[in-house]
1. Probe radius 1.4 Å, ligands and nucleic acids ignored: give me the carbon and sulfur share of the accessible area of the range 50-147 as a rounded percent.
2. What are the ³J(HN,Hα) values, in whole Hz, obtained from phi via the Karplus relation 6.51 cos²θ - 1.76 cosθ + 1.60 with θ = phi - 60°, for each residue of the range 58-70 in sequence order, with x given for Gly and Pro?
3. Peptides 97-105, 69-77, 109-117, 122-130: what's the order by average Cβ count within 10 Å, highest mean first?
4. Measuring from label point to label point, each 7 Å out along Cα→Cβ, what is the Arg44 to Gln70 span in nm?
5. So what J values fall out for the range 114-125 if you push phi through Karplus, 6.51 cos²θ - 1.76 cosθ + 1.60 with θ = phi - 60°, rounded to Hz, Gly and Pro as x?
6. List the residues, sorted by chain then number, that are 5 or more residues from Ile87 or on another chain and whose placed amide H is less than 5 Å from its amide H.
7. So how far apart, in nm, are the two label points at Arg59 and Asp144 if each is 7 Å from Cα heading toward Cβ?
8. FRET efficiency for Ala97 and His128, Cβ-Cβ distance as r, R0 = 30 Å, nearest 0.05?
Amino acid sequence: MCRIHYTNLQGKDVVWDPYGEVHKLCRNSPQGQYWDSDLNRLCRTYWYHVHMSAKYLRRRDYFKLRGVMQTLFETHQSLLLTAYDPIRWGDPANKSAFLPKEKQEHLKRYGCSVDFFQNREQLWQSIHWFLQDFEEICGRKGIDCDSITANAVCAYWEDCVSKCERP
């Protein structure tokens, strides 16, 4: 027998939990450490896909670029959740609502459009935001990050996509 009740009051979904079942589930679920992945692995994953994005921008391959941009988005989101995950429940979409508004706006820039010039500009800005977030989070956690490598990747990416101009 289900002891959790659901209703809709004035257009809002409400869970009624008279026996504390939802509370027990939330108390026993993973918390921030779930996202506390290896920051260097997250960074390597991000830079690998940055390289791929340059290739697909130059080829103007929308479908492959769209997939790579989604991976970049999810990796950046995971990085942010290592520092800003205050809740014990939910998936990345739920947890991202607790990110600072500025960081949420940054993540929204990963959308892929058919305008490759716009994609290039948005990715360029997003790459810099990722680098800033990575350095900030590493600093908070007392981890030494290698921004020299990151800056080299940025220079490589800019060189690779320089031919991706507005038609």
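1. Its accessible area is 50 percent carbon and sulfur atoms.
2. Residue by residue, the range 58-70 yields 5, 6, 6, 9, 4, 5, 6, 4, 4, x, 5, 5, 5 Hz.
3. Packing proxy ranking, top to bottom: 69-77, 122-130, 109-117, 97-105.
4. In this crude spin-label approximation the distance works out to 2.5 nm.
5. 7, 8, 5, 5, 5, 4, 4, 5, 5, 5, 4, 5
6. The list, which skips near neighbours in sequence, is empty: none.
7. The modelled label-to-label distance comes out at 3.8 nm.
8. Numbers: r = 24 Å, r/R0 = 0.80.
According to the calculation, E is roughly 0.80.
The values are calculated or read from the model by the stated rules, or taken from the named source; none is laboratory data. Please read all numbers here as calculations on a predicted model, not as lab measurements. Cβ coordinates were reconstructed from backbone atoms using ideal geometry, including for glycine residues, and neighbour counts include every protein chain displayed. What goes into the accessible areas is simple: the full protein's heavy atoms, side chains included, and nothing from ligands, DNA or RNA. Shrake-Rupley method; radii C 1.70, N 1.55, O 1.52, S 1.80 Å.
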